[in-house]
2 protein chains.
Amino acid sequence: MGVKEKRAKYKEEFRRDILDAARELFINEGYENFSMRKLAEKIEYSPTTIYLYFKNKDDLLFAICEEFFGHFSDQLNHIRAVSRDPIETLRKVVLYLMNFGLKNPNQYKLIFFTKSVYGTREELVEKESMARNTYFVFREIVQDCIDAGKMKETEADVIVDTLTIASHGVVTKNIYCADFLKKRSGKAVRAMVDVLFRGLQK
Amino acid sequence: MGVKEKRAKYKEEFRRDILDAARELFINEGYENFSMRKLAEKIEYSPTTIYLYFKNKDDLLFAICEEFFGHFSDQLNHIRAVSRDPIETLRKVVLYLMNFGLKNPNQYKLIFFTKSVYGTREELVEKESMARNTYFVFREIVQDCIDAGKMKETEADVIVDTLTIASHGVVTKNIYCADFLKKRSGKAVRAMVDVLFRGLQK
DNA sequence: TATCCATACTTAACAGTGTTAGGATAATTG
DNA sequence: CAATTATCCTAACACTGTTAAGTATGGATA
């Protein structure tokens with residue numbers, strides 16, 4: 001391996017280290033208490049060093065989001081692979097999304113509250129990204145349900161929106177209403193999923 | 001009127017002026033660009049003066065939220081008064097909530113993203129507040145639907161949660177997905193409301 | 001080997017944030 | 001008139017993201 005490649009690899013590795021530290025800091029300290037300076041302290045470098053590996057804070061957050069969406073689309077594919085009935089698959093996917101958000105509020109906030117990281121859906125669909133892959137898999141699963149004749153023949157896009165938006169609501173409710181998780185989130189999740197599928201199925 | 005009363009009235013009036021300026025600043029400059037210092041500049045006082053009328057930033061935001069909930073619960077009562085069919089009333093209420101959020105993103109953010117201003121539902125129900133009144137009216141409207149035999153006999157609480165959570169999802173989707181409003185929010189709102197009521201009605 | 005130079009990283013600073021301590025001024029009270 | 005109190009301000013603290021400019025260091029080259 002040449003020196004340049006070695007350097008590139010080192011750079012790549014350091015970037016990963018920073019990313020890992022950032023994610024950890026986010027999860028431990030929370031969305032509001034995350035700062036570039038604290039991250040710098042954690043990795044024991046000056047704050048400015050981070051800017052050699054990430055354009056700015058948003059760029060760093062974007063990288064973490066992409067990491068998550070990579071993991072998430074893998075999960076969707078896995079759920080799809082092990083389950084046969086399309087409606088059951090979709091139900092599991094929605095439950096997975098909600099439960100992830102409920103269990104990882106800080107990471108969820110990071111992903112979905114970081115102002116329009118991915119822009120419009122048109123932009124999302126155009127530009128290669130992990131978030132795009134996730135969206136496509138989600139839509140395919142919905143299409144499976146429609147093709148199996150088990151769901152109203154609305155556009156798959158609109159159904160994806162309805163499901164993700166409702167999930168988003170459940171999670172954000174939990175984030176901004178203290179103790180929602182502890183006391184009523186289980187009930188709320190079940191109620192929401194039941195209403196959604198009762199409303200969507202043929 | 002005695003001097004003390006006069007003073008109290010003056011204090012109250014100034015508080016209102018600050019509140020009005022703050023709301024205006026929020027709507028014009030946006031949630032992210034609001035700051036105590038900018039508000040101070042707008043009202044042409046030093047930043048510290050604000051702290052004589054509000055304990056801190058959160059206290060000021062809370063006051064604006066309460067103002068909104070006062071207006072909102074009035075609206076709910078009005079809708080309830082002019083409409084006869086309970087399901088139609090409820091549908092209008094949900095649409096009103098969604099549309100308010102879509103049209104007033106900055107104010108909506110302020111109200112629902114200001115971290116747990118009202119605490120848990122138990123706390124909300126206990127402590128006198130405009131938000132509490134709103135919650136009660138909303139629940140009564142849902143109860144009307146159940147009593148009229150037009151809705152599944154789930155607890156009204158849970159149904160209120162389902163509806164507000166879904167509305168919250170629609171609005172936040174709009175806030176964090178650029179151009180959602182312009183292109184697809186109408187469709188999304190209709191789809192969501194249809195699914196919800198199809199899922200909830202008997 | 002000595003020079004050069006890019007890479008990696010730092011210090012110091014700018015402009016902004018919420019908030020507080022303590023001081024100044026004006027109005028009201030005794 | 002003196003004392004008190006209400007009202008407002010200046011200055012500061014401890015943060016924030018970000019940038020400009022500077023310093024070592026270590027490999028490549030003359």
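Given a cut-off of 19 Å, name the pairs among B:Lys152/B:Lys173; B:Lys57/B:Lys109; A:Lys109/A:Lys173; B:Lys109/B:Lys173 whose C-alpha atoms lie farther apart than that in the structure shown. Violating the 19 Å Cα-Cα cut-off are B:Lys152/B:Lys173. The Cα-based radius of gyration of chain B, divided by its Kirkwood radius, gives an Rg/Rh of 1.03. Lys/Arg Cβ at +1, Asp/Glu Cβ at -1, dipole of chain B taken about the Cα centre: which of B:Cys145, B:Ile64, B:Asn106 is farthest positive-ward? Sorting the options by dipole projection puts first B:Asn106. Label-to-label distance, A:Met36 versus B:Lys183, with points set 7 angstrom from Cα along the beta-carbon direction: 3.1 nm.
Net charge dipole, the protein assembly as shown: roughly 0 debye, given to the nearest 20, about the Cα centre with Cβ charges of +1 for Lys and Arg and -1 for Asp and Glu. Taking 0.36 nm per residue of separation and subtracting the Cα-Cα distance, full extension of the segment from B:Arg198 to B:Thr48 would add 48.7 nm. Our helix-only sum for the protein assembly as shown, with -39,500 (n - 2.57) per DSSP H run of n ≥ 4 divided by its residues, gives a mean residue ellipticity at 222 nm of -26000 deg cm²/dmol. Calculated on the alpha-carbon coordinates, the convex hull of the protein assembly as shown measures out at 177 cubic angstrom per residue. For the cross-link pairs A:Lys42/A:Lys127; A:Lys103/B:Lys38; B:Lys38/B:Lys103; B:Lys127/B:Lys187, the ones whose C-alpha atoms lie over 31 Å apart are A:Lys42/A:Lys127; A:Lys103/B:Lys38; B:Lys127/B:Lys187. Cross-link reach is defined here as a Cα-Cα straight distance under 18 Å, omitting same-chain residues fewer than 8 places apart; for A:Lys11 the aspartates and glutamates meeting it are A:Asp20, A:Glu44, A:Asp59, A:Glu67. Taking both sides together, the accessible area buried where A meets B is about 3300 Å² for a 1.4 Å probe.
Considering only protein heavy atoms and a probe of 1.4 Å, how much of the accessible area of chain B is carbon and sulfur, as a whole percent? Answer for chain B is 49 percent, counting heavy atoms of protein chains only. Model label sites at B:Asp58 and B:Phe136, defined 7 Å from Cα along the beta-carbon direction, differ in position by 2.6 nm. Note on chain B: GNM, Cα springs under 10 Å; of B:Tyr45, B:Tyr96, B:Tyr31, the largest mean-square fluctuation is that of B:Tyr45. Working from label points 7 Å from Cα in the Cα-to-Cβ sense, the B:Lys127 to B:Glu29 distance is 2.6 nm. Each residue of the stretch A:185-202 is assigned a 3J(HN,Hα), and the resulting list reads 5, x, 4, 5, 4, 4, 4, 5, 4, 4, 4, 4, 6, 5, x, 9, 6, 6 Hz, derived from the Karplus form 6.51 cos²θ - 1.76 cosθ + 1.60 (θ = phi - 60°), x at Gly and Pro. Normalised Debye scattering of the stretch A:1-54 at q = 0.13, 0.17 Å⁻¹ gives log10 I(q)/I(0) of -0.35, -0.54, counting only Cα atoms as equal scatterers and leaving out solvent. Computed from the Cβ-Cβ distance with R0 of 30 Å, the FRET efficiency linking B:Phe113 to A:Lys152 stands at 0.35. With the label put 7 angstrom out from Cα along the Cα-to-Cβ vector, A:Asn28 ends up 4.4 nm from the copy partners, going from closest to farthest.
When nucleic acids and ligands are ignored and a 1.4 Å probe is applied, A:Asp157 ends up with an accessible area of around 40 Å². Karplus-based coupling profile of the stretch B:90-101, in residue order and whole Hz: 4, 4, 5, 4, 5, 5, 4, 4, 4, 5, 4, x, with θ = phi - 60° in 6.51 cos²θ - 1.76 cosθ + 1.60 and x standing for Gly or Pro. Dipole size of the stretch A:18-73 about its Cα centre, with +1 on Lys/Arg Cβ and -1 on Asp/Glu Cβ: approximately 140 debye, rounded to the nearest 20.
The values are calculated or read from the model by the stated rules, or taken from the named source; none is laboratory data. The model shown is predicted, which means the values in this text are computed figures rather than measured ones. With ideal geometry, Cβ positions are generated from the backbone for all residues, glycine too; neighbour counts draw on all protein chains shown. Just the protein is used for accessible areas: all its heavy atoms, side chains included, with ligands, DNA and RNA removed. Shrake-Rupley method; radii C 1.70, N 1.55, O 1.52, S 1.80 Å.
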